[in-house]
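Data block below; observations after.
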Amino acid sequence: MIRGAAMSLTLRPTSRILSSFVGDRFFHSTPPLHQLFRYNPGSKHVSMQLSRTFSGLTDLLFNRRNDELPKTTRKRLKPGKLSPRRPVPGHIERPPYVKSKQPPGIASGPEVHDEKGIECMRASGRLAAQVLEYAGTLVKPGIMTDEIDQAVHQMIIDNGAYPSPLGYGGFPKSVCTSVNECICHGIPDSRALEDGDIINIDVTVYLNGYHGDTSATFFCGNVDDEGRQLVQVTKECLDKAISICAPGVELKKIGKTIQDHADKFRYGVVKQFVGHGVGRVFHADPVILHCRNNDSGHMLLNQTFTIEPMLTVGSFNPVMWDDDWTVVTEDGSLSAQFEHTILITEDGAEILTKC
């Protein structure tokens with residue numbers, strides 16, 4: 001996901017990193033992300049400029065910022081200090097959006113690959129999985145999220161790849177670190193992890209012209225039963241969604257499968273952030289909704305896309321911080337996310353982001 005997405009409805013921004021880094025199926029690559037939202041100076045409200053017949057989803061979009069949140073007994077996250085942008089060696093291939101400095105939207109058309117493309121996707125997915133696994137070993141009380149970013153950044157460039165989030169629409173870091181009530185797109189900073197935190201680490205790498213995108217939520221120290229169950233159920237939602245994937249299957253079955261399982265535990269399912277096609281571009285069609293929906297579309301043989309459900313203990317309504325990236329639950333309740341990049345095969349689906 002960065003914004004995998006965990007991408008925004010385009011939200012786009014707000015999925016804004018699309019998908020999770022963002023998600024609106026009606027906005028494609030031509031308009032930059034900042035044009036998808038309307039912000040009035042002096043106001044705390046951000047509204048989406050929707051088109052066609054999708055205006056009914058406006059109630060799903062952000063409408064409040066962090067200084068308007070209700071009170072909660074949980075200690076709220078606060079922004080820390082950011083370190084300078086980390087350099088990438090000149091010989092490493094950059095995605096086009098880094099060179100142009102223009103934030104893309106979701107590109108039209110699915111990512112369907114030939115044999116060479118599939119092998120490239122396997123390579124990028126494998127590296128993303130290895131980086132994520134390594135990042136998870138660093139999670140412990142006292143480590144700063146910026147230290148996780150530094151380690152991730154170094155491992156990615158050491159393997160000749162580019163950290164896809166870095167420079168995407170102005171995102172300043174190489175990985176997303178979303179702690180506790182942060183739904184997605186948390187920016188690594190000077191905040192140290194505390195005993196009992198949960199943290200989603202979202203890794204995307206650009207290797208040999210292809211993106212591999214994955215995330216997982218990790219325990220920091222002694223996590224309470226509420227947090228552990230949320231994380232477990234979120235992972236189960238992803239696993240169950242992947243298990244129904246195959247050529248010809250309706251894309252909307254992904255959302256139904258996820259929400260059916262989340263409903264058993266009365267968890268909220270975040271609707272504004274979506275999965276997405278991924279491959280030669282970071283975010284492409286199709287938009288993968290994680291809630292029940294009536295979207296058309298079917299899975300295609302040799303197609304690659306992400307599934308990245310975000311579940312919450314309480315409110316699933318997202319609120320964006322003033323950094324225009326960090327998205328938190330409006331009531332401060334815990335949120336968890338898991339993500340894989342998958343390939344649709346003749347027999348079902350192959351998880352590309354596995355070690």
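The values are calculated or read from the model by the stated rules, or taken from the named source; none is laboratory data. For clarity, every value in this text was computed on a predicted model and none was experimentally measured. Positions of Cβ are generated from backbone atoms using ideal geometry, with glycine treated the same way; all protein chains shown enter the neighbour counts. Heavy atoms of the whole protein, side chains included, go into the accessibility calculation; ligands, DNA and RNA do not. Shrake-Rupley method; radii C 1.70, N 1.55, O 1.52, S 1.80 Å.
Worth a mention:
- Solvent-accessible area, 1.4 Å probe, carbon plus sulfur percent, for region 82-124: 57 percent
- Solvent exposure of region 155-251 amounts to 28 Å² per residue of accessible area, where only protein heavy atoms count and the probe is 1.4 Å.
- Local electrostatic count at GLY279 - Lys and Arg +1, Asp and Glu -1, tallied over other residues with Cβ under 13 Å: -2
- Alpha-carbon centroids, region 180-242 and region 122-157: separation in whole Å: 12 Å
- Rounded percent of accessible protein surface that carbon and sulfur make up, region 301-348, 1.4 Å probe: 44 percent
- Surface share of carbon and sulfur [accessible, 1.4 angstrom probe, percent] for region 163-290: 46 percent
- Net charge of Cβ neighbours under 13 Å - reference ALA135; Lys, Arg +1; Asp, Glu -1: -3
- Distance histogram for region 230-345 (every C-alpha pair counted, 10 angstrom bins, percent rounded to whole numbers): 15, 46, 31, 9, 0
- Each Lys or Arg adds one and each Asp or Glu subtracts one; over the other residues with Cβ under 12 Å from the Cβ of ILE242, this totals -1.
- For region 283-300, the Karplus equation 6.51 cos²θ - 1.76 cosθ + 1.60, evaluated at θ = phi - 60°, returns couplings of 9, 9, 4, x, 7, 10, 7, 9, 10, 4, 7, 10, 4, 8, x, 10, 6, 10 Hz by residue, with Gly and Pro reported as x.
- Scalar couplings 3J(HN,Hα) for region 320-335, obtained by applying the Karplus form with A = 6.51, B = -1.76, C = 1.60 to θ = phi - 60°, are 9, 6, 6, 7, 6, 10, 5, 10, 10, 6, 5, 9, x, 6, 5, 9 Hz; x denotes Gly and Pro.
- Listed cross-link partners LYS78/LYS173; LYS81/LYS271; LYS140/LYS354; LYS81/LYS173; LYS235/LYS271; LYS253/LYS354 are compared with a 20 Å cut-off, the Cα-Cα value being larger for LYS81/LYS271; LYS140/LYS354; LYS253/LYS354.
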